[in-house]
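Inspection log for the structure reproduced underneath, given as C-alpha cells.
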Amino acid sequence: KEHQQAKDFLDMAQRYFSDAKPFKEKGDFVNAFAAVNYAHAWLDAGARLKFFNIGKEAGKLFAAD
C-alpha cells in the first residue's frame, strides 16, 4: 500500500511539473511558478510521510525533519 501511495505522490509531482512547461513556454510565469510549487508540495508531503528517502542534506529542501 505505501509503495502505491509513493508512486501516486511522485506521479502527481511529475504531472504538475509537466503542466508548468507549457505555461513557461507561453510566458505565463505566474502559472508556471504555481505548478512547480504544487509539484514540490507533492514531493514535500511524500518526504514528510517517509514515502521517499531524501537523505540528510535534502532536509534543507523539504519539511521532513
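The values are calculated or read from the model by the stated rules, or taken from the named source; none is laboratory data. Because the structure is a prediction, the values reported are computed rather than measured. The accessibility values were calculated without ligands, DNA or RNA, using every heavy atom of the protein model including side chains. Shrake-Rupley method; radii C 1.70, N 1.55, O 1.52, S 1.80 Å.
On a 0 to 90° scale, report how tilted helix 29-48 is relative to the longest principal axis of the chain, with both axes built from alpha carbons and the result rounded to the nearest 10. Result, in degrees: 10.
Return the carbon/sulfur percentage of the accessible area of the chain, one whole number, probe 1.4 Å, all protein chains in place. The C+S portion of the solvent-accessible surface of the chain is 58 percent.
In the chain, the DSSP-assigned H stretches of four residues or longer account for a calculated mean residue ellipticity at 222 nm of -23500 deg cm²/dmol, using -39500 (n - 2.57) per stretch and the full residue count as denominator. Heavy-atom accessible surface of segment 1-47, averaged per residue, reaches 74 Å², computed with a 1.4 Å probe. Here the contact order of the chain, divided by its residue count and restricted to Cα pairs under 8 Å and six or more residues apart, works out to 33 percent. Here are labelled values, [x] 15.0; [y] 14.6; [z] 12.3, and one is the computed Kirkwood radius over Cα pairs in Å for what I pasted. Which one? Here Kirkwood radius over Cα pairs in Å agrees with entry [z]. Rounded to the nearest 10 Å², what accessible area does V30 have for a 1.4 Å probe in the complete protein model? Solvent-accessible area, nearest 10 Å²: 110 Å². Between H3 and V30, the contour length at 0.36 nm per residue exceeds the alpha carbon distance by 6.4 nm.
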